[in-house]
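Asks: Quick one: the structure is below, and I'll ask about it shortly.
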Amino acid sequence: MKKDRVIVPYWILLLLVASSVCIVGLSAEAQQNKFRLKPGAQGKICLSCHGEFGKKLKQPFVHTPVKAGECSSCHNPHASAYGKMLAAATNKICFTCHTNIVPDQALSTHKPVGEGNCIKCHDPHSAKNKFNLLSAGNELCFGCHAGLADTIKKVKFKHGPVEKSCLNCHSPHASGKSVGLLQEKVPALCLKCHKTETPIFQKQHMNYPVAKALCTSCHDPHGSDKAGMLYANVHQPVAGKMCNQCHEEPGSSKPFATKKSGLDLCKGCHITLVNDALNKNRIHWPVTDKTGCLNCHSPHASKEASLLKTSLTDLCGECHADTIERQKQADTKHPPVQEGLCMSCHAPHASNNLFLIEQASQIELCQTCHDYEKHQTHPLGEKTVDPRNKNVRVTCASCHAAHGTANKHLLYYPTSTELCVQCHMEYDRR
Amino acid sequence: MKQFIALVSIVLFPLAMQAGETVKLRPMGSAYSDVADMGILEPEGVGCGNKSVLLVADTGHGRLISYSLLEGGPQPGVEIRIPQMGYPQRVRMNSSGAIFVLDGRQHRILRISPLGEYIGTVEAEGLPGKAISWIPKNFAIDAQDNLYILDVISSRVLVLNSEGKFQRQISYPQSEGFFSDVAVDAQGTVYLLNSVTAAIYSAAQNADTFSPFVKGLKEYVSFPTALAVDRKHLYVVDQNGGGVVLLSREGTFEGRKLSRGWMEGELRYPSDICLDDKGGVFIADRGNNRVQIFMVVP
């Protein structure tokens, strides 16, 4: 038997389609108007109390949700577990809309971005500057990077793009291409402006193909007082343009290869220093490995004296992180440690004494700064045997830890009572 | 039913507790001086083995001290001084009692007879290629008397036989940090300790490369500088933290022993460890100018 076909009148179909559109639209609107504000009330209703906010709306750059009067995009109008009635934690709320600020596999992230501290740079409502920045241009960056600001302003040889804008080289949020928030790795970044094929460029670089090398090994990208924008301290062969003293000839198959490696290369000039180090009882082991001197020193130029790669705190901290950390957490700071003056006490290459201490006597070492005899009379020295151990003598280190402890005055124990009875056990009343 | 559960708990609880217990180190005293009562000073190394002898590199005095180990503890130590040995930093014994000393000033390993007579230096013969210079940072001796030398300048572990002839080399793994000790177990597996990253690498017998064995020891140690291995455990000496971390042979953390201080059972800047075949554990307690002796209690 033939079934009758069901014919749906067109007007019913039209009604169904129209209804679907309305439902979707209403859902979207409901989502936007989750607080069920009266029509036209979004934004305006907030201004009825927060009248002073009207001035913000007159700024040249207004945050889109603010402009649209969608205060509830960021703020909860009823109650909130977060400050300023924000709808989410301060360090997360911006990312609910701005999801791609930090790329996947970022090689470097700007600290305030990583901490979600967007308002360090941006006004969340409105500003005089594009992107709602709190200040314009480099002034914003200099607010935190004050030391660098000072350098950039004062150096004799300035780097043009740096003066104009930090963002000529750096990404403000994160970089998927390089460390240091650079938009590109060095030398690709530098080659965007600097033409390396010109005769004068090649002559200045002794015909070495430096377009494949690390420009920042010699040049300070923020400017310097040295011609050629070299770092403040330049290795003599570099200053003398004698690259081939260490490197193969520029026309060779491996022009940047060094003629020798490790200690063997450096002792060609620094023979006395190397021999002195090797003739001591204790050598700082990084001096002897394959990398040798370059573990700590830059071979070309550096901001730091003695061509150290970076500050001593950072440099020594690369291996001795636990010791640096101990000082950071210490109650009382020991200035030579805190200020990164490791060489006040330690010989960097070699010594005849434990821990590469310069002096044979620990007391003599401390006495270089502390005239302890003026403020205490506790017996110290070779004739004072530590009651805890007949082979140990009482020295400064019997009570104090030079790199810091959780207790005041670098003491091993929180109170003098607890400290003293370690040796004077007969007075232990605990 | 409740009574049954209570009974099972009473029986199983001690077993469960025992399963969680790690090895204990029973203190057996310390060696402070030699037979003439001259104290030890900044001892950097300890050597022991199957001869009931404890050797101490009394670095601060430029000598070795040899102690006979009897049931009552170490007997008064006999000094070994030779003009060629200015700054002994590590000392090891092979199966026949021959003594090997790493001298810090000469950057060479000295060979000394069991009676304390100087024989010569270990000269690595037959080194491959151009890498003929080597600087030993540390070394170990296996059951077959082969020497495993941490060659810092060439970033490798050199394996020499008992006569100093080159057998093979194991290149350092690609890693940040600095390798400061090497140990060998009875099966010939070589272990390498990175002090900066607090990681351990291993190479099976006859392998020429290292593989990661343990990472992430930073949670348990401040700055490890010495390593030893027995049948059941690896012992990692934490120089800056004044302790010893125990790892199973599979690399799992099994506990941290001892703590920083001056008293017996406490360590200050310990620098070396050795394990003998009777369960003895000897630690060069450098900052306390002594060698502490423990017995492993399973």
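The values are calculated or read from the model by the stated rules, or taken from the named source; none is laboratory data. Treat the numbers as computed from the prediction; the structure is a model and nothing was measured. Note: ideal-geometry Cβ built from the backbone for every residue, glycine included; neighbour counts use all protein chains shown. Please note that ligands, DNA and RNA were not included when accessible areas were found on the heavy atoms of the full protein model with its side chains. Shrake-Rupley method; radii C 1.70, N 1.55, O 1.52, S 1.80 Å.
Asks: Got a sec? Which of B:G29, B:G45, B:G49 is within 19 Å of the chain's Cα centre (by Cα), at pLDDT below 90 and either among the small types (G, A, S) or closer than 27 Å to B:A98 by Cβ (or both)? Before you say what the answer is, go through the steps one by one.
Replies: Details: B:G29 fails: at pLDDT below 90; B:G45 fails: at pLDDT below 90.
After applying the criteria, what remains is B:G49.
Asks: Would you check if A:A41 is open to solvent by less than 90 Å² (accessible area, probe 1.4 Å), modelled with pLDDT under 90 and part of a loop (DSSP other than H, G, I, E, B)?
Replies: yes
Asks: Which members of segment A:92-101 meet the condition of being out of contact with any Leu (no Cβ under 7 Å at 6 or more places or on another chain) and surrounded by 15 or more Cβ atoms within 10 Å (Cβ to Cβ)? Break it down into steps so the answer makes sense when it comes.
Replies: Kept after step one, since they are out of contact with any Leu (no Cβ under 7 Å at 6 or more places or on another chain), are these residues of segment A:92-101: A:92, A:94-101.
If the condition is that a residue be out of contact with any Leu (no Cβ under 7 Å at 6 or more places or on another chain) and surrounded by 15 or more Cβ atoms within 10 Å (Cβ to Cβ), then A:C94, A:F95, A:I101 are the ones that fit.
Asks: Right, something else. Select from segment A:109-133 the residues that are under 26 Å from A:V179 (Cβ atoms) and among the hydrophobic types (A, V, I, L, M, F, W, C) and list them in ascending order. Can you show your working first?
Replies: Start the filter on segment A:109-133 by keeping residues that are under 26 Å from A:V179 (Cβ atoms), which leaves A:109-122, A:131, A:133.
Across segment A:109-133, the qualifying residues are A:V113, A:C118, A:I119, A:C121, A:F131, A:L133.
Asks: Can you tell me which residues in segment A:355-379 are open to solvent by less than 70 Å² (accessible area, probe 1.4 Å), closer than 29 Å to B:F223 by Cα and not in a strand (DSSP E or B)? Lay out the reasoning, then the answer.
Replies: The first filter runs over segment A:355-379 and keeps only residues open to solvent by less than 70 Å² (accessible area, probe 1.4 Å), leaving A:356-357, A:359, A:361, A:363, A:365-366, A:372, A:376.
When the remaining residues are screened for being closer than 29 Å to B:F223 by Cα, the result is A:356-357, A:359, A:361, A:363, A:365-366.
Answer for segment A:355-379, where residues must be open to solvent by less than 70 Å² (accessible area, probe 1.4 Å), closer than 29 Å to B:F223 by Cα and not in a strand (DSSP E or B): A:L356, A:Q359, A:S361, A:I363, A:L365, A:C366.
Asks: Given the conditions (1) in a helix (DSSP H, G or I); (2) touching a strand residue (DSSP E or B) at 6+ places or on another chain (Cβ under 7 Å); (3) within 14 Å of another protein chain (Cβ to nearest Cβ); (4) in contact (Cβ under 8 Å) with a residue 12 or more places away in the chain, report the number of the one that A:A397 does not fulfil.
Replies: (2)
Asks: Give me a count of the residues in segment A:413-430 that are outside any helix (DSSP H, G or I) and either touching a residue at least 24 places away in the same chain (Cβ under 8 Å) or open to solvent by less than 50 Å² (accessible area, probe 1.4 Å) (or both).
Replies: Going through segment A:413-430 one residue at a time, the tally reaches 4.
Asks: Sort out which residues of segment B:170-201 are crowded, with 20+ Cβ neighbours inside 10 Å, away from chain A (no Cβ under 12 Å) and of a type outside the set (A, V, I, L, M, F, W, C), and write them in order of number.
Replies: Residues satisfying the conditions are B:Y191, B:Y201.
Asks: Those residues that are surrounded by 12 or more Cβ atoms within 10 Å (Cβ to Cβ) and assigned to a loop (DSSP other than H, G, I, E, B), I need them from segment A:140-166; list them, please.
Replies: Filtering segment A:140-166 down to residues surrounded by 12 or more Cβ atoms within 10 Å (Cβ to Cβ) leaves A:140-145, A:148-149, A:151-153, A:155, A:157-159, A:161-163, A:165-166.
Matches in segment A:140-166: A:G143, A:C144, A:H145, A:V155, A:K158, A:H159, A:S165.
Asks: Any idea which of A:L26, A:L57 is at pLDDT 85 or above and not in a loop (DSSP other than H, G, I, E, B)?
Replies: On the way: A:L26 fails: at pLDDT 85 or above.
One residue alone meets the criteria, A:L57.
Asks: Inspect all residues belonging to segment B:130-137 and state whether any of them is of a type in the set (D, E, K, R) and assigned to a loop (DSSP other than H, G, I, E, B).
Replies: To start, the set of residues in segment B:130-137 that are of a type in the set (D, E, K, R) comprises B:130, B:137.
Okay, now just the ones that are also assigned to a loop (DSSP other than H, G, I, E, B), so B:130.
Looking through segment B:130-137, at least one residue is of a type in the set (D, E, K, R) and assigned to a loop (DSSP other than H, G, I, E, B).
Asks: Can you tell me which residues in segment A:268-289 are of a type outside the set (D, E), in contact (Cβ under 8 Å) with a residue 24 or more places away in the chain and crowded, with 17+ Cβ neighbours inside 10 Å?
Replies: Passing the criteria: A:A277, A:L278, A:K280, A:N281, A:R282, A:I283, A:H284, A:P286, A:V287, A:T288.
Asks: Out of the residues in segment B:244-298 that are open to solvent by 10 Å² or more (accessible area, probe 1.4 Å), of a type in the set (S, T, N, Q) and within 24 Å of B:V214 (Cα to Cα), which is nearest to the other protein chains (Cβ to nearest Cβ)?
Replies: Looking at residues that are open to solvent by 10 Å² or more (accessible area, probe 1.4 Å), of a type in the set (S, T, N, Q) and within 24 Å of B:V214 (Cα to Cα), I get B:S259.
Asks: Any idea which residue in segment B:138-156 is nearest to B:I99 (Cα to Cα), counting only those that are in a loop (DSSP other than H, G, I, E, B) and open to solvent by 10 Å² or more (accessible area, probe 1.4 Å)? Before the answer, list the steps.
Replies: Narrowing segment B:138-156 to residues in a loop (DSSP other than H, G, I, E, B): B:142-146, B:152-155.
Right, trim to open to solvent by 10 Å² or more (accessible area, probe 1.4 Å) and you get B:142-146, B:153-155.
Working: B:D142: 13, B:A143: 14, B:Q144: 15, B:D145: 11, B:N146: 13, B:I153: 24, B:S154: 25, B:S155: 25 Å.
Checked segment B:138-156; the qualifying residue nearest to B:I99 (Cα to Cα) is B:D145.
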